[in-house]
């Protein structure tokens, strides 16, 4: 039996590679001679670099940049064998970089993300894939643009420095001192969401609360994004509000398709293309995929549904696993042959996220799924 394990990470617990290894152990307990291929997946968020480098030639580059609160941090980006640079926004502007008690998108920014791009440009690279998941910011990408030479001014004409969240005060923009090499560069944003720049379904209203904003601050951030969208249209002729995904990473998507003249693509589709997952699916008898939570958000461009759609395309059975599963399984059942929670007993969230517990639960669940599939010595779906 050939099994392809192509899972996302279980956020806050295990990486996609670790998930794959645990599932493999469980499968081999039931069928020691099974052929299990692990292909770590990601949707453009945290862990995408590791997933890409697991199956592709490339290397990591270390660089010191500023974190979301402008403290110095050491981070990495990846260079693929074709010299395309892959940068995770989460590694410089991510939520895990900000202590829980300090999370507040009114004071965080994406300056460090821009510093990563600037470092790669200085090393001669010109083609970029920018992953937008997991940010702690809601600055419309202004911090990133400042690191690349853009200048922003308040309504009195005073220059805004790269401290706090400059989005809240921006009234005008200048690109007179932008790095000249930017014109030679191409930028693709990899995103797992399609939310607009502002409005009820935009960056602030949908994501700012989980980054620490209260209701009043959400309204203030949304109004600032609306003003910045007008400024981008006036300066660059791009209506970012009409571009799906412009609201990703607190509006970072809008800055990429506007001033940077880039584009936005589905993160999971991009990762599937780079990792040549279609060829692996063709060789598999069954697929196992998953993530921390299989729910309505999963349908909107997340890894499990991307894998499940491909599995159906090639007529392959696909099993979903997750830490938790939404009780509304109508959409899920349209894509998966079955979905399973790895939880075997009631636990607190803290206990469930413990890596040791998750490893054990994944191994047990994978073994039991495999035993059911092999009823009477033959696969049964």
field: Qualifying strands (runs of 3 or more DSSP E) (wholly inside segment 1-77; at least 2 residues being closer than 29 Å to residue 264 by Cα and in contact with a helix residue (DSSP H, G or I) (Cβ under 7 Å, 6 or more places away or on another chain))
entry: 2-5, 58-66
- request: Go through 139, 119 for me and flag whichever is at pLDDT 95 or above and in a loop (DSSP other than H, G, I, E, B).
  value: 139
query: On the given criteria, is residue 337 modelled with pLDDT under 85 and either more than 21 Å from residue 40 (Cβ to Cβ) or more than 20 Å from the chain's Cα centre (by Cα) (or both)?
result: no
- prompt: Has segment 162-173 got at least one residue that is touching a residue at least 24 places away in the same chain (Cβ under 8 Å), crowded, with 23+ Cβ neighbours inside 10 Å and out of contact with any strand residue (DSSP E or B) (no Cβ under 7 Å at 6 or more places or on another chain)?
  reply: yes
- request: Kindly indicate whether residue 50 is free of Cβ contacts under 8 Å to residues at least 24 places away in the same chain and over 13 Å from residue 290 (Cβ atoms).
  value: no
message: Here is a list: 252, 225. Which entry is buried (at least 20 other Cβ atoms within 10 Å of the Cβ), in contact (Cβ under 8 Å) with a residue 12 or more places away in the chain and more than 21 Å from the chain's Cα centre (by Cα)?
response: 225
query: Does at least one position in segment 232-244 carry a residue that is within 12 Å of residue 194 (Cα to Cα), in contact with a strand residue (DSSP E or B) (Cβ under 9 Å, 6 or more places away or on another chain) and without any contact (Cβ under 8 Å) to a residue 60 or more places away in the chain?
result: yes
task: May I ask you to list the residues in segment 345-368 that are farther than 25 Å from residue 32 by Cα, assigned to a helix (DSSP H, G or I) and out of contact with any strand residue (DSSP E or B) (no Cβ under 7 Å at 6 or more places or on another chain)?
output: 349, 350, 351, 353
message: Being modelled with pLDDT of 95 or more and not in a strand (DSSP E or B) is the filter here; which residues of segment 78-92 pass it?
response: 92
- request: Being within 30 Å of residue 276 (Cβ to Cβ), surrounded by 13 or more Cβ atoms within 10 Å (Cβ to Cβ) and free of Cβ contacts under 8 Å to residues at least 40 places away in the same chain is the filter here, so list the residues in segment 64-82 that pass it.
  value: 76, 78
field: Set 320, 306: member being modelled with pLDDT of 85 or more, under 22 Å from the mean Cα position of the chain (by Cα) and assigned to a strand (DSSP E or B)
entry: 320
query: Taking the stated definitions as given, is residue 192 assigned by TED's automatic domain parsing to the domain that holds residue 94 and crowded, with 21+ Cβ neighbours inside 10 Å?
result: yes
- prompt: Among the candidates 85, 61, 107, which residue alone is touching a strand residue (DSSP E or B) at 6+ places or on another chain (Cβ under 9 Å) and without any contact (Cβ under 8 Å) to a residue 60 or more places away in the chain?
  reply: 85
- prompt: Does residue 164 satisfy being farther than 14 Å from residue 225 by Cβ, assigned to a loop (DSSP other than H, G, I, E, B) and assigned by TED's automatic domain parsing to the domain that holds residue 234?
  reply: yes
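The values are calculated or read from the model by the stated rules, or taken from the named source; none is laboratory data. Predicted model, so just to flag it, every value in this text is computed and none were measured. Methodologically, a virtual Cβ is constructed for each residue, glycine included, from the backbone with ideal geometry; neighbour enumeration extends over all protein chains shown.
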